[in-house]
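Student: This is the structure, below, for whatever I ask next.
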């Protein structure tokens, strides 16, 4: 095995971690730029999961993996793991919401006051409003927001992200969200979005896009049976105020027993939901590089990124997605090539997820419904999403407040499931790239909840150790200005090398990562 000269392992490393091959040096700014130049090109129209150009991106990724010596991980040896999604769009002229909040009836405006709700059914319903906090119904775990409340035939108001500290993956469908509302006999549901989403919706450009968007989820046999709507910032505040909830602290307030008991005897609603629904097939791209060890090759070290981005705007605006997540996709391609030049003992699974921007759909499908490899054989998932930007000295733009500098990367989740993984990560960085590993977003109390917002989450919830590499949001996040000319390729290269080095060591350990 070839070992780096300048980065050779010390004679007696603290934990005797496997050596790293010189193939890491094939990861260069030139290679990364080559991939990203294609992925962020205008011709692809933004890489929206349901766009006609999206399969072109999938074919590019598949052909690269095949050229590196990977074989397809999908059905019948294909690199494409196809799955069905259900896209839903509001029939706007027929959408209606009328509210009575301790006063006269008020008609809300679609696209400003309210929007399509996730998993909604078509229908017209009316009834009294009942506030149920975070909408969790898990009596066995001593949390039942429906306790003592009669919601049959009524419309429940749920603070959508008020269930901080609750692992929703461990709840049945009928214990949270629209499923819990249905199970308790509610006629409909109004959802107060998370504070983060409410803040984003205050931007008029984003608000317009939010109004015209289609919601997309995995196609399932059992669809929702009650209408659901999502409230906008202004109306959400009015509704919360009617129940005595301080909108600025709705997560904390809705989680407290006193607030969950809040009532509004003169609050009611009438809603009409009219949706147009279409089933579409899309695809993840997945490939396997077989490991060199006859026994360990049955275990998989996984590298992942999402290759989708956003739909072209109504006026032809292209959301190039150079950083989000062209940077992660390019990085994983470079890692795949480097792995193929000196195969590790364990097998390598590379998976590019579709539909991340639509709700982590591709990773949900692979993790929950049809895994390309058995989940109990996945040793780790190293997920990369947005590693290409750096905060310039003197940058005072508030939108860049949490963008990292040229030598820093956020590391999320590395110690949540395996302390050994975190130790390997930090020791590898100290030895090689010497980046500053920032754990700001790893704090479980961080309001951004980054741990739950990219594809690694769908593996972590199954107990698979993960690390999420992320350099922070910025002023160009989810805007047409997220372009390749703003990428810091030196930083991107250093982070990509670190991910390779960490993954290589895990793939060559003489034991499987210990889980806590």
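Conditions tested, residue by residue: (1) more than 24 Å from residue 16 (Cα to Cα); (2) touching a strand residue (DSSP E or B) at 6+ places or on another chain (Cβ under 8 Å); (3) surrounded by fewer than 21 Cβ atoms within 10 Å (Cβ to Cβ); (4) touching a residue at least 24 places away in the same chain (Cβ under 8 Å).
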position	(1), (2), (3), (4)
463	yes, no, yes, yes
468	yes, yes, no, yes
475	yes, no, yes, yes
480	yes, no, yes, yes
487	yes, no, no, yes
503	no, yes, no, yes
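Student: Which of (1) under 25 Å from residue 288 (Cβ atoms); (2) outside the structural domain of residue 351 (by TED's automatic domain parsing) does residue 516 not meet, given it meets every other one?
Tutor: Failing condition for residue 516: (1).
Student: Which of the residues spanning region 452-492 are assigned to a helix (DSSP H, G or I) and at pLDDT 95 or above? Outline the logic, then answer.
Tutor: We begin by selecting, within region 452-492, every residue assigned to a helix (DSSP H, G or I); these are 452, 457-460, 484-486, 489-492.
Correct list: 457, 458, 459, 460, 484, 485, 486, 489, 490, 491, 492.
Student: Right, another one. Being crowded, with 19+ Cβ neighbours inside 10 Å and under 17 Å from residue 273 (Cα atoms) is true for just one of 134, 117. Which residue is that? Break it down stepwise before answering.
Tutor: Working: 134 fails: under 17 Å from residue 273 (Cα atoms).
117 is the lone residue from the list that is crowded, with 19+ Cβ neighbours inside 10 Å and under 17 Å from residue 273 (Cα atoms).
Student: While we're on this one: Just one of (1) closer than 27 Å to residue 121 by Cα; (2) assigned to a loop (DSSP other than H, G, I, E, B); (3) touching a strand residue (DSSP E or B) at 6+ places or on another chain (Cβ under 9 Å) trips up residue 311, so point out which.
Tutor: It fails just one condition, (3).
Student: Okay, moving on. In this structure, does residue 93 turn out to be closer than 23 Å to residue 245 by Cβ and surrounded by fewer than 17 Cβ atoms within 10 Å (Cβ to Cβ)? Step through it out loud before you land on a result.
Tutor: Numbers: closer than 23 Å to residue 245 by Cβ: no; surrounded by fewer than 17 Cβ atoms within 10 Å (Cβ to Cβ): yes.
No.
Student: Is at least one residue of region 59-70 more than 18 Å from residue 335 (Cβ to Cβ) and either assigned to a loop (DSSP other than H, G, I, E, B) or not assigned by TED's automatic domain parsing to the domain that holds residue 386 (or both)?
Tutor: Among the residues of region 59-70, not one is more than 18 Å from residue 335 (Cβ to Cβ) and either assigned to a loop (DSSP other than H, G, I, E, B) or not assigned by TED's automatic domain parsing to the domain that holds residue 386 (or both), which makes the answer no.
Student: Could you run through region 107-123 and say how many residues are part of a strand (DSSP E or B), out of contact with any helix residue (DSSP H, G or I) (no Cβ under 8 Å at 6 or more places or on another chain) and at pLDDT below 95? Walk me through how you get there before you give the answer.
Tutor: First pass over region 107-123, keeping only residues part of a strand (DSSP E or B): 107, 110, 114-116, 123.
Filter once more, keeping what is out of contact with any helix residue (DSSP H, G or I) (no Cβ under 8 Å at 6 or more places or on another chain): 107, 116, 123.
Narrowing the set further to residues that are at pLDDT below 95 leaves 116, 123.
Selection size over region 107-123: 2.
Student: Taking the conditions exactly as written (surrounded by fewer than 24 Cβ atoms within 10 Å (Cβ to Cβ) and either more than 17 Å from residue 487 (Cβ to Cβ) or in contact with a strand residue (DSSP E or B) (Cβ under 8 Å, 6 or more places away or on another chain) (or both)), does residue 391 satisfy them or not?
Tutor: On the way: surrounded by fewer than 24 Cβ atoms within 10 Å (Cβ to Cβ): yes; either more than 17 Å from residue 487 (Cβ to Cβ) or in contact with a strand residue (DSSP E or B) (Cβ under 8 Å, 6 or more places away or on another chain) (or both): no.
Answer is no for this residue.
Student: Could you list, in sequence order, the residues of region 385-414 that are in a loop (DSSP other than H, G, I, E, B), closer than 17 Å to residue 479 by Cβ and free of Cβ contacts under 8 Å to residues at least 60 places away in the same chain?
Tutor: 395, 401
Student: Here's a follow-up. Can you find even one residue in region 434-446 that is over 19 Å from residue 388 (Cβ atoms), outside any loop (DSSP other than H, G, I, E, B) and out of contact with any strand residue (DSSP E or B) (no Cβ under 6 Å at 6 or more places or on another chain)?
Tutor: no
Student: To continue, here is another question. So residue 284 fits all but one of (1) outside any loop (DSSP other than H, G, I, E, B); (2) modelled with pLDDT under 95; (3) in the same structural domain as residue 74 (by TED's automatic domain parsing); what number is the exception?
Tutor: Every listed condition holds for residue 284 apart from (2).
Student: If you check residue 379 against the conditions, is it more than 17 Å from the chain's Cα centre (by Cα), in a strand (DSSP E or B), assigned by TED's automatic domain parsing to the domain that holds residue 478 and touching a residue at least 12 places away in the same chain (Cβ under 8 Å)?
Tutor: Values: more than 17 Å from the chain's Cα centre (by Cα): yes; in a strand (DSSP E or B): yes; assigned by TED's automatic domain parsing to the domain that holds residue 478: yes; touching a residue at least 12 places away in the same chain (Cβ under 8 Å): yes.
Taking the combined requirement at face value, the residue satisfies it.
The values are calculated or read from the model by the stated rules, or taken from the named source; none is laboratory data. A quick note: this is a predicted structure, and the numbers were derived from the prediction, not measured. Ideal geometry is used to build each Cβ from the backbone, glycine not excepted, and the neighbour counts take in all protein chains shown.
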